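Below is one structure, written out as structure tokens; the observations come after it.
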Amino acid sequence: MGWRERHKAFQEWFTPRRRRGAGGTLLAVWAVGICIYPSTYWVYVMIPGIMWFMSAWPAELHDKS
């Protein structure tokens with residue numbers, strides 16, 4: 001299986017529900033980690049968590065204006 005096929009399979013597997021779960025998990029790890037072991041490196045956990053969590057919401061919620 002080539003790189004493109006694996007990437008396509010991953011995109012189909014990484015559904016919005018899984019993105020919300022993964023993003024929420026990363027944000028929870030960040031929140032606990034920043035309290036237990038404060039450092040500037042936790043930003044590398046927080047940013048993907050926010051990106052995955054926020055990108056998983058349906059577009060209908062953003063277009064209500």
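The values are calculated or read from the model by the stated rules, or taken from the named source; none is laboratory data. All values derive from a computational prediction rather than experimental measurement. We place every Cβ from the backbone using ideal geometry, glycine too, and count neighbours over all the protein chains shown.
For every residue, the table says whether it meets (1) surrounded by 12 or more Cβ atoms within 10 Å (Cβ to Cβ); (2) modelled with pLDDT under 90; (3) within 23 Å of Pro58 (Cα to Cα).
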| site | (1), (2), (3) |
| --- | --- |
| Trp13 | no, no, yes |
| Pro16 | yes, yes, yes |
| Ala22 | yes, no, yes |
| Gly33 | yes, no, no |
| Ile36 | no, no, no |
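Looking at the range 1-41, which of its residues are among the polar types (S, T, N, Q), closer than 19 Å to Met54 by Cα and part of a helix (DSSP H, G or I)?
Within the range 1-41, Gln11, Thr25 qualify.
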